[in-house]
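The values are calculated or read from the model by the stated rules, or taken from the named source; none is laboratory data. Since this is a predicted model, take the numbers as computed values, not measurements. Using ideal geometry, Cβ is built from the backbone for each residue, glycine included, and neighbour counts are taken over all protein chains shown. Calculation scope for accessible area: heavy atoms of the full protein, side chains included, ligands and nucleic acids excluded. Shrake-Rupley method; radii C 1.70, N 1.55, O 1.52, S 1.80 Å.
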Amino acid sequence: MREAGGLTPSAYLYGSQFNRESARIEQARRLDQMIAENERELSRREAAIANASATSAELASARAAVEAERTSLELLRRIQADGRIVLNLHPDDTTIDSLPDLALEDGDQFYVPSVPATVTVIGDVYNQGSFIRESGKTVSSYLRNAGGPTRDADKGRIFVVRANGGVVNKDASSTFWSGGFDGMVLMPGDAIIVPEQTDKGSFVRGLKDWSTILFNFGLAAAAVKVLSP
């Protein structure tokens, strides 16, 4: 970093991205594996539905649930692994010394953007989009700007993808912010994701929630690009 001349006054270190090809390959492999496993499970469920002795209403409900899960899988397929490694930077980190001491690999890329002007709200809200970021403004404030969650939104599983690539959900944030998740102050480049309600038996719910999937696979920031309107 010092060899590149250091940071400019407008550099936004908190939103910097460190991408590695070996990490991208591993992310893609794990994502493909999960999608394939759940495709097989959905095929088994479809076969079971076809052979089930049930009322037409029950069959229609079961088929709708499977179709919803297929839609979720299609969304996951659209997410392109980018190999981003989360550096766990803090919003107050502004110097090169804040960066972790990582051994580099051939092809590593490090990008430091200028400070963005917005916070994004996407998913099951009435007016998704990007909103001007204001100092001290919280999750609940930006959700109000977006018209709030729709009646189909899963309000208990809303999560935030931070500009540094990390993920914060309601469970993880409850012990860190006095106002809880809704009172968490957002930073430039952060994004609020409001997921749709999923059937209790769905594979997404089986893996706890979207935030868990995206965080564990290192794909949270990549997903924002796919989900954004």
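Would you please list the contacts, defined by Cβ atoms under 6 Å and residues six or more apart or on different chains, that run from a residue in the stretch 143-169 that is over 23 Å from residue 68 (Cβ atoms) and in contact (Cβ under 8 Å) with a residue 60 or more places away in the chain to a residue that is open to solvent by 20 Å² or more (accessible area, probe 1.4 Å) and part of a loop (DSSP other than H, G, I, E, B)?
If the second residue must be open to solvent by 20 Å² or more (accessible area, probe 1.4 Å) and part of a loop (DSSP other than H, G, I, E, B), the pairs left are 163/187; 163/189; 165/86; 166/86.
Going residue by residue through the stretch 166-187, is there one that turns out to be modelled with pLDDT of 95 or more and open to solvent by 10 Å² or more (accessible area, probe 1.4 Å)?
The answer is yes; a qualifying residue exists.
Considering the stretch 120-165 alone, what residues qualify as being farther than 15 Å from residue 214 by Cα, of a type in the set (Gly, Ala, Ser) and open to solvent by less than 20 Å² (accessible area, probe 1.4 Å)?
Across the stretch 120-165, the qualifying residues are 129, 146, 148, 153.
Name the residues in the stretch 8-24 that are over 18 Å from residue 102 (Cα atoms) and either surrounded by 15 or more Cβ atoms within 10 Å (Cβ to Cβ) or at pLDDT 95 or above (or both), would you?
Correct list: 11, 12.
Which of the residues that make up the stretch 199-229 are over 15 Å from residue 167 (Cα atoms), β-branched (Val, Ile, Thr) and at pLDDT 65 or above?
Correct list: 226 only.
Is it true that residue 81 is open to solvent by less than 80 Å² (accessible area, probe 1.4 Å), within 21 Å of residue 213 (Cβ to Cβ) and not in a strand (DSSP E or B)?
Yes: the conditions hold for residue 81.
Search the stretch 7-54 for residues being within 25 Å of the chain's Cα centre (by Cα) and assigned to a loop (DSSP other than H, G, I, E, B), and hand back the single one that is farthest from residue 215 (Cα to Cα).
Looking at residues that are within 25 Å of the chain's Cα centre (by Cα) and assigned to a loop (DSSP other than H, G, I, E, B), I get 12.
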